[in-house]
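One structure is given below, encoded as C-alpha coordinates.
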Amino acid sequence: MNIKSISIALTLTFVALFSCKKSETTVTPKTKTEYLAGTSSKSWKNTKAIAANGGLTIDLVNSQPTCVVDNILTFSTTKTYEIREGATKCNAADPDLVLKANWGFNADETKFTVDKISFQGRQFDNISFDIVELNDNIFVGKTTLALNGVNYEFSATFEPAK
(Lines give C-alpha, C1' and ligand atoms only; values in the text may rest on other atoms or scores of the structure.)
Protein backbone atom coordinates (compact mmCIF):
# COMPACT_ATOMS: atom_id res chain seq x y z
CA MET A 1 0.00 0.00 0.00
CA ASN A 2 1.37 3.39 -0.88
CA ILE A 3 1.15 6.57 1.14
CA LYS A 4 -1.66 7.95 -1.02
CA SER A 5 -3.81 4.85 -0.40
CA ILE A 6 -3.12 4.97 3.34
CA SER A 7 -3.99 8.67 3.41
CA ILE A 8 -7.31 8.06 1.60
CA ALA A 9 -8.14 5.13 3.91
CA LEU A 10 -7.42 7.21 7.03
CA THR A 11 -9.47 10.13 5.69
CA LEU A 12 -12.45 7.88 4.95
CA THR A 13 -12.18 6.27 8.38
CA PHE A 14 -12.00 9.69 10.05
CA VAL A 15 -15.03 10.95 8.10
CA ALA A 16 -17.00 7.79 8.90
CA LEU A 17 -16.20 7.98 12.62
CA PHE A 18 -16.99 11.63 13.12
CA SER A 19 -19.86 12.13 10.72
CA CYS A 20 -22.16 9.67 12.51
CA LYS A 21 -24.73 11.44 14.63
CA LYS A 22 -25.53 10.16 18.04
CA SER A 23 -29.09 9.05 18.31
CA GLU A 24 -31.04 11.68 20.17
CA THR A 25 -33.53 10.68 22.79
CA THR A 26 -36.59 12.87 22.85
CA VAL A 27 -38.01 13.35 26.32
CA THR A 28 -41.71 14.06 26.28
CA PRO A 29 -42.70 16.40 29.10
CA LYS A 30 -45.15 14.99 31.61
CA THR A 31 -48.75 16.05 31.45
CA LYS A 32 -50.43 17.48 34.52
CA THR A 33 -52.39 14.24 34.80
CA GLU A 34 -49.10 12.29 34.96
CA TYR A 35 -47.77 14.63 37.66
CA LEU A 36 -50.95 14.28 39.68
CA ALA A 37 -51.88 10.62 39.11
CA GLY A 38 -48.71 8.97 37.78
CA THR A 39 -49.23 6.31 35.13
CA SER A 40 -52.22 4.76 36.93
CA SER A 41 -52.47 6.32 40.41
CA LYS A 42 -50.41 8.38 42.82
CA SER A 43 -50.82 9.01 46.54
CA TRP A 44 -50.34 12.36 48.25
CA LYS A 45 -50.28 13.63 51.82
CA ASN A 46 -51.59 17.06 52.84
CA THR A 47 -48.62 18.89 54.39
CA LYS A 48 -50.05 22.39 54.61
CA ALA A 49 -53.57 23.84 54.51
CA ILE A 50 -54.38 27.43 55.31
CA ALA A 51 -57.78 29.12 55.46
CA ALA A 52 -57.65 32.91 55.67
CA ASN A 53 -60.20 35.70 55.98
CA GLY A 54 -58.80 39.17 56.45
CA GLY A 55 -56.55 39.03 59.51
CA LEU A 56 -57.83 35.59 60.57
CA THR A 57 -55.69 32.64 59.46
CA ILE A 58 -56.37 29.02 60.40
CA ASP A 59 -53.65 26.41 60.00
CA LEU A 60 -55.77 23.40 59.15
CA VAL A 61 -52.93 20.87 59.37
CA ASN A 62 -51.47 21.85 62.73
CA SER A 63 -54.91 22.42 64.28
CA GLN A 64 -56.14 18.90 63.40
CA PRO A 65 -55.42 15.64 65.24
CA THR A 66 -52.92 13.20 63.71
CA CYS A 67 -55.77 10.82 62.85
CA VAL A 68 -57.00 13.41 60.32
CA VAL A 69 -53.68 14.83 59.10
CA ASP A 70 -52.16 11.42 58.26
CA ASN A 71 -54.93 10.54 55.77
CA ILE A 72 -53.79 9.69 52.24
CA LEU A 73 -55.24 11.18 49.06
CA THR A 74 -54.87 9.01 45.94
CA PHE A 75 -55.56 10.33 42.44
CA SER A 76 -56.21 7.88 39.62
CA THR A 77 -55.80 8.44 35.89
CA THR A 78 -59.47 7.40 35.58
CA LYS A 79 -60.26 10.84 37.10
CA THR A 80 -61.35 9.50 40.48
CA TYR A 81 -59.76 10.14 43.84
CA GLU A 82 -59.97 8.62 47.28
CA ILE A 83 -59.14 9.80 50.74
CA ARG A 84 -58.19 6.89 52.97
CA GLU A 85 -57.33 6.66 56.63
CA GLY A 86 -53.63 6.95 57.33
CA ALA A 87 -51.68 5.10 60.00
CA THR A 88 -54.05 6.25 62.75
CA LYS A 89 -57.83 6.45 62.96
CA CYS A 90 -59.80 8.83 65.15
CA ASN A 91 -62.17 5.97 65.93
CA ALA A 92 -61.24 2.31 65.44
CA ALA A 93 -64.68 1.73 63.87
CA ASP A 94 -64.09 4.38 61.16
CA PRO A 95 -64.04 2.92 57.65
CA ASP A 96 -60.70 2.98 55.79
CA LEU A 97 -62.30 4.83 52.87
CA VAL A 98 -63.12 8.37 54.00
CA LEU A 99 -64.23 9.83 50.64
CA LYS A 100 -64.37 8.77 47.00
CA ALA A 101 -65.08 11.33 44.31
CA ASN A 102 -64.11 12.61 40.86
CA TRP A 103 -61.57 15.16 39.70
CA GLY A 104 -60.61 16.91 36.47
CA PHE A 105 -58.78 19.80 34.84
CA ASN A 106 -60.24 22.66 32.84
CA ALA A 107 -59.29 22.85 29.13
CA ASP A 108 -55.97 24.66 29.62
CA GLU A 109 -55.15 22.76 32.84
CA THR A 110 -54.86 25.89 34.98
CA LYS A 111 -57.72 24.83 37.25
CA PHE A 112 -58.37 21.60 39.09
CA THR A 113 -61.94 20.61 40.02
CA VAL A 114 -63.24 18.06 42.51
CA ASP A 115 -66.88 17.11 42.79
CA LYS A 116 -66.62 16.73 46.60
CA ILE A 117 -64.32 18.02 49.31
CA SER A 118 -64.56 18.20 53.09
CA PHE A 119 -63.60 21.36 55.01
CA GLN A 120 -64.12 21.84 58.75
CA GLY A 121 -66.49 18.87 58.89
CA ARG A 122 -68.65 20.07 56.02
CA GLN A 123 -68.85 18.74 52.48
CA PHE A 124 -68.56 21.11 49.53
CA ASP A 125 -69.49 20.15 45.99
CA ASN A 126 -67.92 21.09 42.64
CA ILE A 127 -65.00 23.11 43.94
CA SER A 128 -62.43 24.51 41.52
CA PHE A 129 -58.83 25.19 42.59
CA ASP A 130 -56.33 27.42 40.82
CA ILE A 131 -53.19 25.34 40.28
CA VAL A 132 -50.34 27.24 41.92
CA GLU A 133 -47.71 24.51 41.48
CA LEU A 134 -47.77 20.93 40.20
CA ASN A 135 -44.78 18.67 39.57
CA ASP A 136 -43.47 15.29 40.74
CA ASN A 137 -42.83 16.56 44.28
CA ILE A 138 -45.54 19.07 45.12
CA PHE A 139 -49.13 19.99 44.35
CA VAL A 140 -50.45 23.35 45.53
CA GLY A 141 -53.94 24.64 44.86
CA LYS A 142 -56.02 27.55 46.11
CA THR A 143 -59.71 28.38 46.09
CA THR A 144 -62.37 30.31 47.98
CA LEU A 145 -64.80 28.48 50.27
CA ALA A 146 -67.82 29.99 52.04
CA LEU A 147 -68.44 28.72 55.55
CA ASN A 148 -71.37 30.15 57.57
CA GLY A 149 -71.59 33.09 55.18
CA VAL A 150 -67.88 33.94 55.47
CA ASN A 151 -65.53 33.52 52.51
CA TYR A 152 -62.16 31.92 53.24
CA GLU A 153 -59.18 31.88 50.91
CA PHE A 154 -58.12 28.25 51.10
CA SER A 155 -54.67 27.00 50.06
CA ALA A 156 -53.60 23.36 50.23
CA THR A 157 -50.17 21.83 49.69
CA PHE A 158 -49.62 18.12 49.05
CA GLU A 159 -46.44 16.07 48.80
CA PRO A 160 -46.14 12.47 47.59
CA ALA A 161 -47.04 9.97 50.32
CA LYS A 162 -44.20 7.71 51.39
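The values are calculated or read from the model by the stated rules, or taken from the named source; none is laboratory data. On a predicted model such as this, the values are computed, not experimentally measured, just so you know. No Cβ is skipped: glycine too gets one built from the backbone with ideal geometry, and neighbour counts run over all protein chains shown.
Looking only at the stretch 141-156, residues that are assigned to a strand (DSSP E or B), of a type in the set (Gly, Ala, Ser) and surrounded by fewer than 17 Cβ atoms within 10 Å (Cβ to Cβ) come to 1 in all. Take the stretch 21-72 and flag every residue that is at pLDDT below 90, surrounded by 14 or more Cβ atoms within 10 Å (Cβ to Cβ) and assigned to a loop (DSSP other than H, G, I, E, B). Result: 60, 61, 64.
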